[in-house]
1. Filter region 1-32 for residues that are in a loop (DSSP other than H, G, I, E, B), of a type in the set (Gly, Ala, Ser) and either in contact with a Leu (Cβ under 6 Å, 6 or more places away or on another chain) or surrounded by fewer than 19 Cβ atoms within 10 Å (Cβ to Cβ) (or both) and give the result.
2. Within the set of pairs 6+ apart or on separate chains, which have a first residue in region 198-211 that is outside any helix (DSSP H, G or I), a second that is at pLDDT 95 or above and among the aliphatic types (A, V, I, L, M), and C-beta atoms under 8 Å apart?
3. Report whether or not Arg212 is among the charged types (D, E, K, R) and surrounded by 12 or more Cβ atoms within 10 Å (Cβ to Cβ).
4. For the subset of region 61-81 comprising residues that are modelled with pLDDT of 65 or more and more than 19 Å from Arg116 (Cα to Cα), which member is surrounded by the most Cβ atoms within 10 Å (Cβ to Cβ)?
5. Being more than 18 Å from the chain's Cα centre (by Cα) and within 28 Å of Ser47 (Cβ to Cβ): is that true of Asn160 here?
6. If a residue has to be surrounded by fewer than 18 Cβ atoms within 10 Å (Cβ to Cβ), in a loop (DSSP other than H, G, I, E, B) and not acidic (Asp, Glu) to count, how many in region 175-197 make the cut?
7. Mind counting the residues in region 24-60 that are more than 22 Å from Ile192 (Cβ to Cβ) and at pLDDT below 95?
8. Which count do you get for residues in region 131-157 that are touching a residue at least 24 places away in the same chain (Cβ under 8 Å), closer than 12 Å to Ile113 by Cα and loosely packed, with under 13 Cβ neighbours inside 10 Å?
Amino acid sequence: MQIKQAKYLTSSPSVDECPEPDRPEIAFIGRSNVGKSSLINMLCNNSKLAKTSATPGKTQLINHFEIQSSATPSSRATVVERPWYLVDLPGYGFANVSKSSRRRWEQMIENYIRKRRNLLNLFVLIDSRHTPQKIDLEFISKLGKWQLPFALVFTKTDKNKPGVTEKNVNLFMQELERSWEEPPMFFISSAITKEGRNEIMGYISQFINAAR
């Protein structure tokens with residue numbers, strides 16, 4: 001899959017105000033400062049698409065982007081797929097915000113994830129620089145209880161010393177194996193080196209093609 005065009009569409013304070021669920025949708029979420037906007041920009045080959053910030057918790061709304069992509073089958077003829085939505089969700093780390101804002105964000109995120117009927121897959125971003133964090137494991141546990149499709153993306157691998165990424169990823173997956181019969185799909189990525197881009201886009205393509 002190749003993204004031909006990616007453009008910002010709208011930001012919504014609740015799932016009820018999101019665009020009509022009339023096309024496939026792929027969403028991204030993660031703890032604050034996990035590199036979510038940078039990953040989205042890398043996948044879309046547009047460094048200015050999703051706004052990045054040094055301040056954790058900058059994303060506070062449900063941000064929709066309209067994506068036009070194409071696939072090249074074995075016949076070498078380019079097939080233009082119908083548009084789909086890419087969604088940038090608020091982080092679940094919440095940085096330094098009030099309790100009322102935190103509750104509002106939590107409810108917004110849960111309502112979107114559980115009610116958005118055209119959501120095909122949720123990518124949960126995990127910072128590869130750290131050993132397993134309780135907040136990530138708890139969020140993933142909720143997704144399991146809600147029986148929602150998701151995959152993991154371990155980010156910022158370019159910032160690690162040799163061996164650290166593999167060590168932390170293995171530790172994280174071992175934690176999941178304690179409570180999951182079949183651990184989720186996961187990807188290793190870097191917005192700087194573009195590691196993992198082809199693999200992630202190939203995975204997205206499977207969902208988009210199945211929804212055609």
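The values are calculated or read from the model by the stated rules, or taken from the named source; none is laboratory data. For clarity, every value in this text was computed on a predicted model and none was experimentally measured. Backbone-built Cβ (ideal geometry, glycine too); neighbour counts: all protein chains shown.
1. Answer for region 1-32, where residues must be in a loop (DSSP other than H, G, I, E, B), of a type in the set (Gly, Ala, Ser) and either in contact with a Leu (Cβ under 6 Å, 6 or more places away or on another chain) or surrounded by fewer than 19 Cβ atoms within 10 Å (Cβ to Cβ) (or both): just Ser14.
2. Ala211/Leu120
3. No; evaluated as a whole, the condition is false for this residue.
4. Out of the qualifying residues, it is Ser69.
5. Yes, satisfied.
6. 9
7. Going through region 24-60 one residue at a time, the tally reaches 2.
8. Qualifying residue count, region 131-157: 2.
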